[in-house]
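One structure is given here, and the rest of the page talks about it.
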Amino acid sequence: MTVSVFFPSLMGVGIIVSGALLMSDWLRRLLPQGNIRRKHNVVVGTYGAISDAVDAAGYRITEPWFIHRTLRSRTTYLGTAVALWAGGAILITIGNRLFDDPLGLFYESPWVTGLGYGFGSALIVFGFLCLAVAVVYRSLPNPAMRLINETVLGRIAVPSEADHQQAFHSIERKP
């Protein structure tokens, strides 16, 4: 009994994960943010190397504004929240229906219900996080602003050439 439930469930999970990876790759090709993301990673890496060298020489460099991400629009956060809630509800519903379908491959399989509830709940919680950011917006507390600055919740800031020149001219001696 255990083998007849475990192996089909495991194969189904593999198919679901494979499909999610294919969708992720397709979205990365569709959205033109790859070049901007690479430029941002180069800027952050360059700043880190220069900052370490300047620090070792006994100087300090102020952190440029474009190292961190910035807030997106409120509409983006609200739209993302609604989409995440819908996706979470769909995953939970699909998990329940597959569990209750007597003719299906996942009939009474706790794996599919657990995956549906787990991923669906995670999407719903992330949707509430996006809603909270949209409501509070500019007056976010420091931990939440750090989350915006360091994760995909924030928009990558693309500096101009003048910003690059100005950023690395702010070196001062350590006290």
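Every number in this text was worked out from the coordinates using simple rules, so none of it is lab data. Fair warning: this is a prediction, and the values are worked out from it, not measured in the lab. Please note: Cβ atoms are built from the backbone with ideal geometry, for glycine as well, and neighbour counts cover all protein chains shown.
Percent relative contact order of segment 1-142, based on C-alpha pairs within less than 8 angstrom and at least six residues apart?
RCO, segment 1-142: 27 percent.
Mind telling me which of ALA56, ALA81, ALA132 comes out most flexible in a GNM of the chain, alpha-carbon contacts under 10 Å?
ALA56
Just TYR137, TYR77, TYR59 to compare: in a GNM of the chain, with alpha carbon springs under 10 Å, which one fluctuates most?
Of the options given, TYR59 has the highest mean-square fluctuation.
May I ask you to evaluate 6.51 cos²θ - 1.76 cosθ + 1.60, the Karplus curve with θ = phi - 60°, for each residue of segment 100-112 and list the ³J(HN,Hα) values in order in whole Hz, giving x for glycine and proline?
Result, ordered by residue: 8, 7, x, 9, x, 6, 9, 4, 6, 8, x, 5, 5 Hz.
Which order, highest average first, do 62-72, 36-46 follow once you tally other Cβ atoms within 10 Å for each residue and take the mean per peptide? Intermediate values should be presented prior to the final figure.
Numbers: 62-72: 15.5, 36-46: 13.1.
Top to bottom by mean Cβ count within 10 Å: 62-72, 36-46.
Per-residue ellipticity at 222 nm for the chain, helices alone: DSSP H runs ≥ 4 residues times -39500 (n - 2.57), over residue total, nearest 500 deg cm²/dmol?
-24000 deg cm²/dmol
Sort all Cα-Cα distances of the chain into consecutive 5 angstrom bins from zero, then give the percent of pairs in each bin up to the one containing the longest distance.
Taking every Cα pair in the chain, the percentages come to 1, 7, 11, 13, 13, 12, 11, 9, 8, 6, 4, 3, 2, 1, 0.
From the backbone phi of segment 15-29, what are the Karplus-calculated ³J(HN,Hα) couplings (6.51 cos²θ - 1.76 cosθ + 1.60, θ = phi - 60°) in whole Hz, Gly and Pro given as x?
Values per residue, Gly and Pro as x: 5, 5, 5, 4, x, 5, 5, 5, 5, 4, 4, 5, 5, 5, 6 Hz.
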